[in-house]
């Protein structure tokens, strides 16, 4: 199995810088408070670009991964903003109220936001939008999994939609119309959807060319296995007649039989 096609960083739209900045701001605000939360943010920043890849054991023998994408980093922003806000509130409570009670109240704000952020990160990490040389796959779920598969030969049209803000951050929505019961499937928070659309069309074109090539090879192989053509067989029979192996009556009978097959 060959390696997946490597795409430029601008295509992937990595958000490691964003998470690093988020961690730095948290460090300035916290001044040592909630070390576990800060550690989580740093870990998310480090491991963003080494997120869970699509399992290769789910691919067929000759299938190759062309694109393996997780949702855009904007997917994590709501939960991250909520966690940051909870931390700021917790800091204010500790600074202005003081005492053990303030830490308990601060924990009430931070812990649910932290759990929400961890949940969002796990969802992001276990969501894959995959394009192979045979199909398009969408797979998501931490414990319970759900997925959609669209064979390339069933794809009719690929649409993408981006607002002005989404164009600035490199995010958008993708929709795929296909022949079958599903009809139209929509995918949100796709990184660089315009480039993904172009890549899907390129893979479909290569898939069709490969299919035509296989059909041509099969046709040429069957022709080669079919043996000599009818005119060649008649010429061979005539040579046998001239050598005296066949009589004129036998030659005419075989010739008539061969001509009837044409």
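You will find that of 85, 113, the residue that is over 30 Å from residue 209 (Cβ atoms), at pLDDT 90 or above and buried (at least 20 other Cβ atoms within 10 Å of the Cβ) is 113 and no other. Of all residues in region 236-248, none satisfies being within 17 Å of residue 129 (Cβ to Cβ), at pLDDT 75 or above and buried (at least 16 other Cβ atoms within 10 Å of the Cβ). The residues of region 135-176 that are crowded, with 16+ Cβ neighbours inside 10 Å, assigned by TED's automatic domain parsing to the domain that holds residue 76 and closer than 23 Å to residue 118 by Cα, listed by number, are 138, 139, 140. When region 186-217 is filtered for residues that are touching a strand residue (DSSP E or B) at 6+ places or on another chain (Cβ under 7 Å) and buried (at least 17 other Cβ atoms within 10 Å of the Cβ), the ones remaining, listed by number, are 187, 189, 190, 191, 193, 196, 197, 199, 200, 203, 204.
For region 94-140, the set of residues classified as touching a helix residue (DSSP H, G or I) at 6+ places or on another chain (Cβ under 7 Å) and assigned to a loop (DSSP other than H, G, I, E, B) consists of 133, 134, listed by residue number.
Taken over region 141-171, the criterion of being in a loop (DSSP other than H, G, I, E, B) and modelled with pLDDT under 90 is satisfied by 141, 142, 143, 144, 145.
The values are calculated or read from the model by the stated rules, or taken from the named source; none is laboratory data. Predicted, not measured: the structure shown is a model, and the values here were computed from it. Cβ: placed from backbone, ideal geometry, glycine included. Neighbour counts: every protein chain shown.
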